[in-house]
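Below is one structure, written out as structure tokens; comments come after it.
Please treat every number below as a calculation from the coordinates, not as lab data. Note that the coordinates shown come from a computational prediction; the quantities given were computed from them, not determined experimentally. Note that we place each Cβ from the backbone using ideal geometry, even for glycine, and neighbour counts take in every protein chain shown.
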Amino acid sequence: MPGILFLCIHNAGRSQMAAGFARSMGGDDVRIYSGGSEPAEHVNPVAVEAMREVGIDISGYVPQKFTDELLHAVDVVVTMGCGDTCPYVPGKRYIDWPLDDPRGQSIDVVRGIRDQIRARVADLLAELGAARSRAADA
């Protein structure tokens, strides 16, 4: 079963939305983690709202700092705007998704970021053979 770690700076927006989509779309076929280099106190409320609009609740998740244990537990590390603060472990597959940070953005902007993340997650899960029905795309 493949494992994916989604990383951004605060683990409050992009990485939480990506993890939410991956959990929804991948189900039990994939292990999903998220983390940040400088975790915020809580998930971005606008990201929570944008995800609720598509039927995914990320409000119960708490931003966390990535750990070496998380890095070694996964096959793919997806970075989203953390630059030099993102860790590197030789032998891991890294993918960088250059996405705008939803922090301080309007709901309309965050919806666009959300939709970009949904498409990228769907593609990644399909590539890993871990995508169930695409009901979460609706």
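Numerical summary
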| read-out | value |
| --- | --- |
| Span-like helix ranges in the chain, DSSP H, alpha carbon extent 30 angstrom or more, Kyte mean at least -0.5 | 107-128 |
| Cysteines having no other Cys beta carbon under 4.7 Å from their own, within the chain | Cys8 |
| Sequence ranges 55-62, 121-128, ranked by mean other-Cβ count within 10 angstrom, highest first | 121-128, 55-62 |
| Estimated inter-spin distance, Asp108 and Asp28, nm [label 7 Å along Cα→Cβ] | 4.4 nm |
| Lys/Arg +1, Asp/Glu -1 at C-beta; the stretch 3-137 dipole; positive extreme among Tyr33, Cys8, Gly129 | Gly129 |
| Distance (nanometres) between label positions extended 7 Å along Cα→Cβ at Val89 and Lys65 | 1.7 nm |
| Shape parameters for the stretch 3-137, alpha-carbon atoms, Rg then Dmax in Å | 13.4, 38 |
